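Here's the structure, in C-alpha cells; my notes come after.
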Amino acid sequence: MAGVTAARALSAAGARVVVLEAGDRVGGRVRTVRGFAAVPVEAGAEFIHGVTAATWAEVRAAGLRCQPVPYLRNSWFCLAGRNRWLPLHLLHPGAWPGFGVLRALRRAAGDAAGDGEPSCAALLAGRGYRGRALELARLAVSAHLPGSPEELGVAGLVADGVLRLERGLNHRVLDGYDRVPAHIAAGLDVRLGQRVTAVAWGPDAVEVTVDGGGAVAARAAIAALPHGVLASGTVRFDPALPAAKAEAIRRIRTGAVVKVLLRFRERFWPRRMAQLVCGTGPLTLYWPASFGTDGPAVLVGYATGPRARALSEAGADRAAEAALEDLARLFPRSRPRAGVTGTLFADWPADPNALGGYTYLPPGAAGAREALAAPDTGALLWAGSAAAWQPIADTVEAAYLSGLRAAGQAARLLGGDPPGPG
Ligand SMILES: Cc1cc2nc3c(=O)[nH]c(=O)nc-3n(C[C@H](O)[C@H](O)[C@H](O)COP(=O)(O)OP(=O)(O)OC[C@H]3O[C@@H](n4cnc5c(N)ncnc54)[C@H](O)[C@@H]3O)c2cc1C
C-alpha cells in the first residue's frame, strides 16, 4: 500500500518510477482470498477504521462496495474461562472498571514517555484490577496489538492512536480489500519477484540490488519495506543507516498476528454477533466474514502477540484444530468440527515478505516511528505503515499516508512540484 501509493503520486508528478516487489502480487499485508468462500475473504487487513480514513477516497474512486460492521452493540465476551456471553451494553458492572483503563492510559501517557515508561501490565497492576476486570482490561489494551500488556509501553500505545480502534465504525470492502492497492497500482511499472537485498545510498543517488544480482540505479528511492523485514537485517544498507534510524528499527517491535479462517456448512453463531472477544483460549477474536447477512458461514479467528506466536509455531493443521476445539468450548450446543468444510491459516510471521503481523511500541520506544520516517538518509526516503502514526499507527491508512509523505519528500529532492494526493 505504501509503495504503490508513493509510486503513483510521483508518477503523476512526472517522475519515472519503478516498484520492486519481492512477492508475486501487489498488496502485501492486504491479501484477499477468492475461492475459499462464495465471497472474498481477507487473510490480512480486513477493515477500514473510521469514516474519515484517507483511504476512503481510493475506495470511492475504485467504485468498491463496503459494509459497516457495528461492533458496539454486537460484541460478545467470554471472560474468566466461562461461556458467559455478554453483549457490551449489558456487561456486568463488575467488568466495567476494565474500560476505565482506557482513560487511565491516556492520562498516564503524558508523564510516562522516556526511560521510566511503564508497561501496560505495570499500569494495570497499579490500578489493582482483579479477576474478570483484569481480564477485560488486558483485552482492552492488547486485543489488537501483537504484544502482551507486559510488552506494550503506555506512551507508545497512546501515541499510536490504538485507543481509537475501540471507538470508530469499521467497514469491510465487500469486493475485497486488495482492490484498493490494485486500483492504485494500475498502470504503474511494478516488477514482481524482485527481492531487494541491498541498498547503496548517497545524497544524490541510490542503487538497489535484487536477489539474483540485478540492480536498479535511481536519483532517489523510497524504502517501503515492512518493519519485520527491516529488523531482520536481510536487506543491507551501504553506508550503514544513521544511529537514530538503526535505533528506531531496533526499538519498534514487529509482533505475531495470525488468522484462522474456518468455513462451515451452516452458521451456528448468533446472526447479530459482530465479534466474540475471548479473555483466554488460543484465539482472541472471532468474527463472521459476512456480518448480519445470509452470506457464507465463515468465521475468522484472530490472534495477536503470544497467542499468535504459539499458533504460528504449531503450524497450520494444529492451529485449525485448536480453533475448532476452542469453538466447541465456546458453542457447547453446536458441533463445529462436524460442520467444518475448509480451513485456511494466514501465518504472517512465517511469510518471508512480512516476518510478522504489524508493530507495537514497547516501553521506551515512543518517538521511534518518527525517527524511522525521518528523511535523514540522503536520496533514500522512508515509507511503510510502521513509519506512520496518524491517525492510527500501522494500519492500511497509515501505510497510504506514509506513501504520500515520502512521495512529497522525493518530489522536493527531485526538484519538482510536490505531488497532489491522487
Ligand atoms: C492479519 C492482519 C490483519 C490486519 N488488519 C488490519 C485491518 O483490519 N485494518 C488495517 O488498516 N490494517 C490492518 N492490518 C495492518 C495492515 O495490513 C498493514 O499495516 C499495511 O497493510 C501495511 O502496508 P505497507 O505497505 O506498509 O506494508 P506491506 O503491505 O507489508 O507491503 C510491503 C511490501 O514489501 C514487499 N517486500 C518485503 N520484503 C521485500 C524485499 N526484500 N524486496 C522487495 N519487496 C519486499 C512485500 O511483499 C510487500 O508487498 C492487518 C495486518 C495483518 C497482518
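Any chance you could give the angle, 0 to 90 degrees and rounded to 10, that helix 2-12 forms with the longest Cα principal axis of the chain? Its long axis makes an angle of about 40 degrees.
Order the peptides 3-16, 150-163 from the highest to the lowest mean number of other Cβ atoms within 10 Å of their residues.
Details: 3-16: 21.6, 150-163: 23.9.
Ranked by mean Cβ neighbours within 10 Å, highest first: 150-163, 3-16.
Ranked by how many other Cβ atoms sit within 10 Å of their own Cβ, fewest first, the residues LEU261, LEU330 fall in the order LEU330, LEU261.
For THR280 and ALA38 in the same chain, what is the full-extension length gain: residue separation times 0.36 nm, less their Cα-Cα distance, in nm? So the chain would gain 84.0 nm between THR280 and ALA38.
Using +1 on the beta carbon of Lys and Arg, -1 on that of Asp and Glu, and nothing else charged, what's the dipole of the chain about the Cα centre, debye to 20?
Numbers: 46 positive and 35 negative charges, 319 e Å.
It works out to roughly 1540 debye.
For VAL235, put the label point 7 Å out on the Cα→Cβ axis and report which residues of the range 385-416 keep their amide N under 12 Å from it. Within reach of a label on VAL235, which here means backbone N under 12 Å from a point 7 Å along Cα→Cβ, the range 385-416 contributes 385-387.
The trypsin sites (Lys or Arg not before Pro) of the range 171-231 that DSSP puts in a loop, and whose beta carbon has at most 16 other beta carbons within 10 Å, are ARG219.
Based on DSSP H runs of at least 4 residues, each adding -39500 (n - 2.57), what is the mean residue ellipticity at 222 nm of the chain after dividing by all its residues, to the nearest 500 deg cm²/dmol? Could you put the intermediate results ahead of the total?
Numbers: 14 runs with 134 residues, N = 422.
The per-residue figure over the chain is -9000 deg cm²/dmol.
Rounded to the nearest 0.05, what FRET efficiency is calculated for ASP317 and ALA62 with R0 set to 56 Å and r the Cβ-Cβ distance? Working shown, then result.
Numbers: r = 37 Å, r/R0 = 0.65.
Calculated transfer efficiency: 0.95.
Full extension of the chain segment joining LEU414 with SER334 gains 22.6 nm, where the gain is 0.36 nm per residue of separation less the Cα-Cα distance.
Other residues whose C-beta falls under 15 angstrom from the C-beta of GLY357 contribute a net charge of -2, scoring Lys and Arg +1 and Asp and Glu -1. Annotation: amide H-H contacts under 5 Å for VAL33 (H modelled 1.01 Å from N, sequence separation of 5 or more, or interchain): VAL41, GLU42, ALA43.
Of all DSSP beta bridges confined to the chain, the antiparallel ones make up roughly 75%. Can you tell which of GLY301, GLY367, ALA231 lies farthest toward the positive end of the dipole of the chain, using +1 and -1 charges on the Cβ of basic and acidic side chains (Lys, Arg; Asp, Glu)? Result: GLY301, furthest along the dipole toward the positive end.
Can you sort ILE48, ILE392 by how many other beta carbons sit within 10 Å, fewest first?
Numbers: ILE48 26, ILE392 22.
So the residues, fewest neighbours to most, are ILE392, ILE48.
Got a sec? How would SER232, SER312 order by Cβ neighbour count within 10 Å, fewest to most?
Values: SER232 14, SER312 21.
With the sparsest Cβ surroundings first, the list reads SER232, SER312.
Give me the net charge for the shell around ALA125: Cβ to Cβ below 12 angstrom, other residues only, Lys and Arg +1, Asp and Glu -1. All intermediate terms of the calculation are to be shown ahead of the outcome.
Numbers: positive: ARG127, ARG130, ARG138; negative: GLU150.
Charge balance near ALA125 sits at +2.
Laboratory data are not the source of any read-out in this text; all were calculated from the coordinates shown. As the structure is a computational prediction, the values presented were derived from the model and not from experiment. Ideal geometry is used to build each Cβ from the backbone, glycine not excepted, and the neighbour counts take in all protein chains shown.
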